[in-house]
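Written below as structure tokens is the structure these notes are about.
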Amino acid sequence: MDALASEEYASQSKLLQEFTNAPSIDGAWVFQTNNEDRSTAMYSISQTNLLANNKRKYILFSHIMRNGTNLLDFQWSPFPIQMDGVSAVVPSPSGSKLLVVRNGEKGSPTKLEIVDQSHVEKEIHVAQSVHGPLYTDEWFHGISWNQEETLIAYIAEDSPEPKPVFDDTGYRKEGSSEKDCNNWKGQGDWEEDWGETYSKKGRPSLFVLDINSGEVRAAKGISRSLSVGQVVWAPPSSCGRQKYLIFVGWLEHNGFQNTPRKLGIKYCSNRPCSLYSTLCPFEESDVDNAPASDSKLEPASVAINLTPSISSAFFPRFSKDGKLLVFLSANRAVDSGVHNATDSLHKINWPSDWKMDQYLEITDVIPIVMCPQDGCFPGLYCSSMLSNPWLSDRCTMILTSAWRSTEVILSIDVLSGKATRISPENSEYSWSALTVDGHNVLAVSSSPIDPPQIKYGHQVSLKDQTCTWVWDEVNNNPLMAANNKVKALLSHHQFSILKIPVTNPSDDLSDGSKLPFEAIFVSCKDSSHKPTILVLHGGPHSVSVSSYSKTSAFLASLGFNLLIVNYRGTPGFGEEALQSLPGKVGSQDVQDCLTALDYVIEGGLIDASKVAVIGISHGGFLTTHLIGQAPDRFMVAAARNPVCNLSLMIGTTDIPDWCYAVACGSEGRQHASESPSPDHLRLFYQKSPIAHISKVKAPLLMLLGGADLRVPISNGLQYARALRERGGEIRIMMFPDDIHEINIPQSDFESFLNIGVWFKKHLSISASDASA
């Protein structure tokens, strides 16, 4: 590295650290007090620790005080509490106790701590022979206290199957002495896993902890062909003392032609799943010992499928009065084969005397929206749900959902089915609910140039006897000081959401796919003279919302305009627009990106001669397509774990069904096979960027995660080597331990540092441009 390049790395790394060091809010809980105008909030905070290559975790508290004139005051704890080694914290329903989870590593036991308001009340060590670490991800994760706060249900890794043992005489038969240390364990049969991020994890299984005794029991009657998650307790039955657990179950036989294969589940809501019920394992002794004449007790049985009539059911939530079980469904994704689609919301009227053999009717609350009118509700697109989403009226849920290029907060009346946008309608910022505080909502709001700010929403009555939501800014929160540095670096930037008309739509398109798509435009002062980065999301059925992203903010701070395109196929725009893309990847999505670029060029917003492009996964697919199909329009490119050759990916990815879905459209499912035909291999190649590699001119930075199971490194390496073979300028960076996201802190930092240096080098940004 020459002196000039070294200076550039030093300068940019110092700048990137300002963005990396800013803390983020991961979640929050609110506890009620004896005073109805006061409550206490607990926040989960994380901050990147580059030296340790992990994230620091903190807990922060505030007292929330309200009065009759709607004046609001937050009083914060002076310092956060660092939670070293903590995997998860979950308060009890009353807020009087806290479960602290410390997952064991390298065979050590998992520690479960029960903390009351003054001390650790109990510490339970769970041996690896009982279960492994608890799941704390966004999908299988489930930790649930019962109302009496005596039992905790949770999802953890099942203990592995015994492996064969060998010694110096050969195979050691079962029953041989365990005292002899001169032996070694074999591998045994290989087991399917859920792919990306789950390759080294055990089967997600359901366990219950009895807090008083410290005993942990596995739930019984659950088939080993079922992976479980998202457990909640059912309301107590009026006719007996039995305790039931409701959980989500994913059948493991979801390979092609119903073969026993677990297709990758990360980012894929199209895996069939149902709600199941099973008896609490600590109830079994009561059942077994009950007199035959005791009709109040049901016999122990296998887990019961509560939603057999629908192909997808997840995020189960009981209403506060226990009369309704509400859940989301991705049945449109399951039935069509796309990896994400428009969600629907459903409910079950829960009987107070429910028994496991009793049929439950499913009712629609929010159906799938096919073609939304301009400005109207586009449907549900929820990647998570609050553990307690209910307002104090007991019938209104609070959800966070994508709404075109923004994220909004919705209130859902589950009795009438009415969905209302309660975050400001005239705001282009993105909003996300943190927790519910009685009939109020604690939330965060951010934009591409504004770090997250805490907001407090409450309803105000108007003169016409209607109500509206008012959002107060929490000005004195301690996170503001850390974010002010970042805000100062972006003070000369602005952003807007552009509506991009579809050019020359064909007659065979649905009405929804003829509607405008959108792009988020982040611009510097005098943007028409500054270079622009075209930023493309993955998926393709993912969305770039107008929320804060430290990496995008960093690139903007270097003096780049950002054009973040939500091409057709992006969630948040109705189901017809989303379903218009499968079968047309490499053409419709590429054309939408070029149309968005033309839109800002023709509007005089950017310089057409200074354009870069970047994307990850399917965004990398589009990046490498664009520099091949439109080689004269891009000066430089960067691709992170890109899909470059579908015909190679089909045999190596954890989601081969995705290849068929994007390339073949609705017909892909009927032809899907682990051994694709020559015709399909030819089609996959024709749809891929590698088919256009001979035309590429732009220098390309390729960033690859060595442990990526979604788009294995063979895809990127083949493309990079083929480009080099043709004399193209290519630089490859490999992060051996990273998965698809490249999100290990040091890897994330180094990758975007190199992207910034790469783009600045090839787009010739002067120091004065960057500082401006």
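Quick check for you: with a 1.4 Å probe and neighbouring chains kept, what is the accessible area per residue of the range 633-772, in Å²?
40 Å²
Using a 10 Å Cβ count of at most 14 others and DSSP loop calls, identify the longest part of the chain lacking such chymotrypsin sites (Phe, Trp or Tyr not before Pro).
Numbers: sites that count: Trp190, Tyr359.
By the stated rule (loop sites, at most 14 other Cβ atoms within 10 Å), 360-772.
Report in % the part of the accessible area of the range 483-763 that belongs to carbon and sulfur, leaving out ligands and nucleic acids; probe 1.4 Å. Don't skip to the end; give the middle numbers.
Values: 4760 of 9560 Å².
Carbon and sulfur: 50 percent of the exposed surface of the range 483-763.
On each of the three principal axes of the Cα atoms of the range 334-400, give max minus min coordinate, whole Å, ordered largest first.
So the three principal-axis extents are 45, 33, 20 Å.
Mind checking the range 331-420 for trypsin sites (Lys or Arg not before Pro) that DSSP puts in a loop (not H, G, I, E or B) and that have at most 16 other Cβ atoms within 10 Å?
Lys355, Arg394
Where the centre of each part is set by its Cα atoms, how far does the range 108-146 sit from the range 650-723, in angstrom?
Here the answer is 41 Å between Cα centres.
Could you name the lysines whose alpha carbon sits less than 29 Å from that of Lys57, not counting residues in the same chain fewer than 8 places away?
Excluding near neighbours in sequence, the set is Lys14, Lys97, Lys106, Lys111, Lys122, Lys200, Lys201, Lys266, Lys455, Lys485, Lys487, Lys550.
Let me see the P(r) profile for the range 604-760: every Cα-Cα distance counted, bins of 5 Å, each bin given as a percent of all pairs.
The calculated distribution, bin by bin, is 2, 10, 19, 21, 18, 15, 9, 5, 2, 0.
Just check the range 411-541 against the gyration tensor rule for me: Cα atoms, a ≥ b ≥ c as the square roots of the eigenvalues, rounded for a/c under 1.5, and otherwise prolate or oblate depending on whether a/b exceeds b/c.
Oblate.
So what are the ³J(HN,Hα) numbers for the range 342-355, from phi and the Karplus equation (6.51, -1.76, 1.60; θ = phi - 60°), rounded to whole Hz, Gly and Pro as x?
Listing the rounded values in order: 5, 7, 10, 10, 9, 9, 10, 6, 8, x, 5, 10, 4, 10 Hz.
Taking every DSSP beta bridge that has both residues in the range 483-763, what percent is antiparallel when rounded to the nearest 5? Kindly include the intermediate steps, with their values, before the conclusion.
Working: 12 of 37 bridges.
If I count the DSSP bridges inside the range 483-763, around 30 percent turn out antiparallel.
Tell me the trypsin sites (Lys or Arg not before Pro) within the range 445-492 that lie in a loop according to DSSP and have at most 13 other beta-carbon atoms within 10 Å.
Filter output for the range 445-492: Lys463.
Restricting to the chain, what percent of DSSP beta bridges are antiparallel, rounded to 5?
Taking every DSSP beta bridge with both residues in the chain, the antiparallel ones total about 85 percent.
Would you mind pulling out the separation of the Cα centroids of the range 554-625 and the range 1-77, in Å?
Spelled out, the Cα-based centre of one part sits 31 Å from the other.
Which whole-number percent is the relative contact order of the range 27-153 (Cα, under 8 Å, 6+ apart)?
Computed value for the range 27-153: 14 percent relative contact order.
To the nearest 500 deg cm²/dmol, what mean residue ellipticity at 222 nm is calculated for the chain from DSSP H runs of n ≥ 4 alone, each contributing -39,500 (n - 2.57), summed and divided by the residues?
Estimated from H runs of four or more residues: -5500 deg cm²/dmol.
In square nanometres, what is one fourth of the surface area of the convex hull spanned by the alpha carbons of the range 32-183?
About 14.6 nm², averaged over all directions.
Starting from the amide H of Met83, placed 1.01 Å from N in the peptide plane, find each other amide H under 5 Å away whose residue is 5 or more places distant or on another chain.
Lys57, Tyr58, Ile59
Hey, any idea what Rg/Rh is for the range 483-763, computing Rh the Kirkwood way over Cα pairs?
Numbers: Rg = 18.1 Å, Rh = 19.0 Å.
With Rg and the Kirkwood Rh in hand, the quotient comes to 0.95.
Which values of log₁₀ I(q)/I(0), to two decimal places, follow from the Debye formula for the range 1-102 at q = 0.10, 0.19 Å⁻¹ with a uniform point scatterer at every Cα?
The Cα Debye sum returns log10 ratios of -0.44, -1.00.
Write down, largest first, the equivalent ellipsoid semi-axes of the range 622-671 in whole Å, where each equals the square root of 5 times an eigenvalue of the alpha-carbon gyration tensor.
26, 13, 7
Loop-only check: which trypsin sites (Lys or Arg not before Pro) in the range 39-128 are DSSP coil with at most 10 other Cβ within 10 angstrom?
Within the range 39-128, the qualifying trypsin sites (Lys or Arg not before Pro) (loop, at most 10 other Cβ atoms within 10 Å) are Lys106.
Long-range amide H contacts for Leu709: which residues qualify at under 5 Å (H placed 1.01 Å from N, peptide plane, sequence gap of 5 or more or a different chain)?
For Leu709, whose amide H was placed from the backbone, the distant partners under 5 Å are Thr197, His740.
Principal axes first, then extents: for the Cα atoms of the range 74-146, list largest minus smallest coordinate on each axis, whole Å, largest first.
On the principal axes, the range 74-146 reaches 44, 24, 21 Å in Cα extent.
Give me P(r) over the range 530-629, computed from all C-alpha to C-alpha distances, binned every 5 Å, as integer percentages.
Values per bin, smallest distances first: 3, 13, 24, 25, 20, 12, 4, 1.
List every DSSP H helix in the chain whose Cα atoms extend 15 Å or more along the helix's own long axis and whose mean Kyte-Doolittle hydropathy is at least 0.0. Can you show the working numbers first?
Values: long enough: 3-20 (25 Å, -0.34); 479-489 (16 Å, 0.39); 588-602 (21 Å, 0.12); 618-629 (16 Å, 0.20); 713-725 (18 Å, -0.48); 745-763 (27 Å, -0.25).
Qualifying helices: 479-489, 588-602, 618-629.
May I ask you to work out the translational diffusion coefficient for the chain at 20 °C, viscosity 1.002 mPa s, via Stokes-Einstein with Rh from the Kirkwood sum over Cα pairs, reported in whole µm²/s?
The calculation lands on 77 µm²/s.
The values are calculated or read from the model by the stated rules, or taken from the named source; none is laboratory data. In this text, all values refer to a predicted model and were calculated from it rather than measured experimentally. Positions of Cβ are generated from backbone atoms using ideal geometry, with glycine treated the same way; all protein chains shown enter the neighbour counts. Accessible surface areas use protein heavy atoms only, side chains included; no ligands, DNA or RNA. Shrake-Rupley method; radii C 1.70, N 1.55, O 1.52, S 1.80 Å.
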